[in-house]
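The values are calculated or read from the model by the stated rules, or taken from the named source; none is laboratory data. Everything numeric here is computed off the predicted structure, so don't read it as measured data. Note that each Cβ is placed from the backbone with ideal geometry, even for glycine, and that neighbours are counted across all protein chains shown.
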Amino acid sequence: MRTVVIILMTLIGTCALAAVTLIPMDHATIQAGIDNVNTGDTVLVLPGTYTENLNFNGKNIVVMSMDGPVSTTIDGNEVSSVVQFVNGESPAAVLDGFTITNGIGVDYTTVERFGGGIICRIYSSPTLRNLIISGNTATGTGSAGGGIGISVESHPLLENVEIIGNSSSWGGGVSIAMNSNPTFRNVKIVSNYAAEIAGGISVRQSSLDADQLLVYGNDGRYGGGGVWVHEYATLNINRSTIVTNYTDTNYDGGGILITEHSNLYMTNSICWGNQYSEIASHTSGWAASDLLIAHCTIEGGLDGMLIDSNELNTFESIMSSDPLFVDAVNSNYQLDSSSACIDAGSAVYVDSTSGDTLVNLSEGDFNGFAPDMGCFEYYSTTSLDHNIVEPTTIKLLQNYPNPFNPATTIPVMINENNYLSLEVYDLRGSHIRTLFKGMLHAGTYEFRWEGDDLNGRKVSSGVYIYGLKSGREVLTKKMSYLR
């Protein structure tokens, strides 16, 4: 039990322990664990595949895997949605660290299903973290949200989530509808399919706020290959990459389609290689939509967009040069060292029309003197390997054990209050995982890494770099992981 408590403290990040139920030790199924715990408790799930359909039943509890989504799967067995939040769950209801697969959605009519993998409906706003939502389908004519369906004033938070290879009629990856306002942070929407519109994401009569969103390889047959924003809806995206999404010939908005009095606010982002047209906006007999696109790279620039005229449209600092991805052929959309997108974004951006602050990043949120465009911040291997001046206010010590398996500890010493981030990279400089980001008081701290990436997958054996960043200074050391 002591080992379980230590792991739980590490994962939850709190010293105040709630009651813990272990699956399958205490109960054979995850649902039985949910049914037998109280608000504030935790259901901790050991690795394995669990063939069942979950309903949180309004309980604000934590359901968490011990070993991440690669090792722990919930299989819906083509019965319904794999996981349901339909009873007003709050952000304290947490689903963390699973692969969600083989769901077909909830049947609300004889021809329509909603939320193949996960459904958040009727004032339900859970926290969904470290998930892979893959291989789900909302079946039937008029179905929506193959991967996840969000509807009826639901406002979930998605962090470090991959939504891959799902399908439906509308919103193959995600459907957001009926006054819902989710928040996405570091979310990938990849290779989803819609038989009608919106291969990746559909936003209708709702809004989506997203930072570091990656949308690629999605197919919306009749428009909105990547994203469709429709009928008094708003898409607000920052530091995002929308690339190589598709629609059929003679349809528009391969990247983003905006229709019927909706809004697009896009900053510090890349829209490239989408078919047909990067961004399209149509009135369809309604009032025109409003677009604000600033500090972005768009293939073809203004000529890459099909936009109905509107006096409220704002286009500022738009580049049309190739963003120079590291390896787009193999879906690596990190920036090459020669990319013009590096340091080309804006840390602060205020909408001159409304006065709303759309971007407000601190120095700890990016590398260099300004944010990069796109969802991946560039870190050079040279800057990670060498430091000319070592700061006197922070000290990064060698990890122990080293080499290590399964976990290692990284000590950090802070001489004065400081905003810091502790990151792990591979030898190419590719970001692997954020171990900490935030304010620390003076003192000595220890951070644990278990050889996993930001999606919970175990990394390969090899040498990795860990970097402690404070303002513009970065301290780095190397460590060896053995599987």
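Just need a number here: residues in segment 406-445 that are of a type in the set (G, A, S), within 24 Å of the chain's Cα centre (by Cα) and part of a loop (DSSP other than H, G, I, E, B).
Residues meeting the conditions: 2.
Can V215 be described as surrounded by 24 or more Cβ atoms within 10 Å (Cβ to Cβ) and more than 20 Å from D75 (Cβ to Cβ)?
Taking the combined requirement at face value, the residue satisfies it.
Determine whether segment 247-261 contains at least one residue that is crowded, with 24+ Cβ neighbours inside 10 Å, closer than 22 Å to S168 by Cα, among the polar types (S, T, N, Q) and within 16 Å of the chain's Cα centre (by Cα).
For segment 247-261, residues crowded, with 24+ Cβ neighbours inside 10 Å, closer than 22 Å to S168 by Cα, among the polar types (S, T, N, Q) and within 16 Å of the chain's Cα centre (by Cα): absent.
From (1) under 17 Å from L54 (Cβ atoms); (2) at pLDDT 95 or above, pick out the condition that doesn't hold for R129.
Status for R129: all satisfied but (2).
Out of all the residues in segment 90-127, which are surrounded by 21 or more Cβ atoms within 10 Å (Cβ to Cβ), among the aliphatic types (A, V, I, L, M), in contact with a Gly (Cβ under 7 Å, 6 or more places away or on another chain) and not in a strand (DSSP E or B)?
The answer is I104, and nothing else.
Check S480, S430, S470, S460 and return the single one that is surrounded by fewer than 20 Cβ atoms within 10 Å (Cβ to Cβ), closer than 30 Å to T241 by Cβ and modelled with pLDDT of 80 or more.
Exactly one of S480, S430, S470, S460 is surrounded by fewer than 20 Cβ atoms within 10 Å (Cβ to Cβ), closer than 30 Å to T241 by Cβ and modelled with pLDDT of 80 or more, namely S460.
Per-residue answers, yes or no, for (1) more than 13 Å from S269 (Cα to Cα); (2) touching a strand residue (DSSP E or B) at 6+ places or on another chain (Cβ under 7 Å); (3) in contact (Cβ under 8 Å) with a residue 60 or more places away in the chain; (4) assigned by TED's automatic domain parsing to the domain that holds I279:
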residue: L306; (1), (2), (3), (4): yes, yes, no, yes
residue: V329; (1), (2), (3), (4): yes, no, no, yes
residue: Q334; (1), (2), (3), (4): no, yes, yes, yes
residue: V350; (1), (2), (3), (4): yes, yes, no, yes
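Residues F85, F114: which one is touching a Cys at 6+ places or on another chain (Cβ under 7 Å) and not β-branched (V, I, T)?
None of the others qualify; the one that does is F85.
Just need a number here: residues in segment 367-405 that are at pLDDT below 50 and either assigned to a helix (DSSP H, G or I) or closer than 23 Å to E316 by Cα (or both).
Residues that pass the stated criteria total 5.
Go through D219, D211 for me and flag whichever is of a type outside the set (G, A, S), in the same structural domain as V348 (by TED's automatic domain parsing) and closer than 24 Å to G135 by Cβ.
Only one candidate passes the filter, namely D219.
For segment 7-25, which positions are modelled with pLDDT under 95 and assigned to a loop (DSSP other than H, G, I, E, B)?
Result: G13, T14, C15, A16, L17, A18, A19, M25.
Give the residue, chosen from E78, E89, E112, that is within 22 Å of T42 (Cβ to Cβ) and among the charged types (D, E, K, R).
After applying the criteria, what remains is E89.
Out of the residues in segment 230-262 that are in a strand (DSSP E or B) and in contact (Cβ under 8 Å) with a residue 60 or more places away in the chain, which is nearest to D308 (Cα to Cα)?
L257
Inside segment 339-362, can you point out the residues that are among the polar types (S, T, N, Q) and assigned to a loop (DSSP other than H, G, I, E, B)?
Answer for segment 339-362, where residues must be among the polar types (S, T, N, Q) and assigned to a loop (DSSP other than H, G, I, E, B): S339, S346, S352, T353, S354, S362.
Could you tell me which residue of segment 268-290 is modelled with the lowest pLDDT, considering only residues that are at negative phi and among the polar types (S, T, N, Q)?
T283
Among the residues of segment 438-454, count how many are modelled with pLDDT under 85 and touching an Asp or Glu at 6+ places or on another chain (Cβ under 9 Å).
2
Report, by residue number, each residue of segment 218-244 that is of a type in the set (V, I, T), crowded, with 24+ Cβ neighbours inside 10 Å and on the phi > 0 side of the Ramachandran plot.
The answer is none; no residue qualifies.
Taking the options N38, N77, N57, N87, name whichever one is over 29 Å from E450 (Cα atoms), at pLDDT 90 or above, more than 27 Å from the chain's Cα centre (by Cα) and part of a loop (DSSP other than H, G, I, E, B).
N38
Tell me, which residue of segment 60-74 that is within 19 Å of the chain's Cα centre (by Cα) and small (G, A, S) is nearest to P406 (Cα to Cα)?
G68
For segment 300-307, does any single residue satisfy the condition of being among the aliphatic types (A, V, I, L, M), in contact with a Pro (Cβ under 8 Å, 6 or more places away or on another chain) and on the phi < 0 side of the Ramachandran plot?
Scanning segment 300-307, I find no residue that is among the aliphatic types (A, V, I, L, M), in contact with a Pro (Cβ under 8 Å, 6 or more places away or on another chain) and on the phi < 0 side of the Ramachandran plot, so the answer is no.
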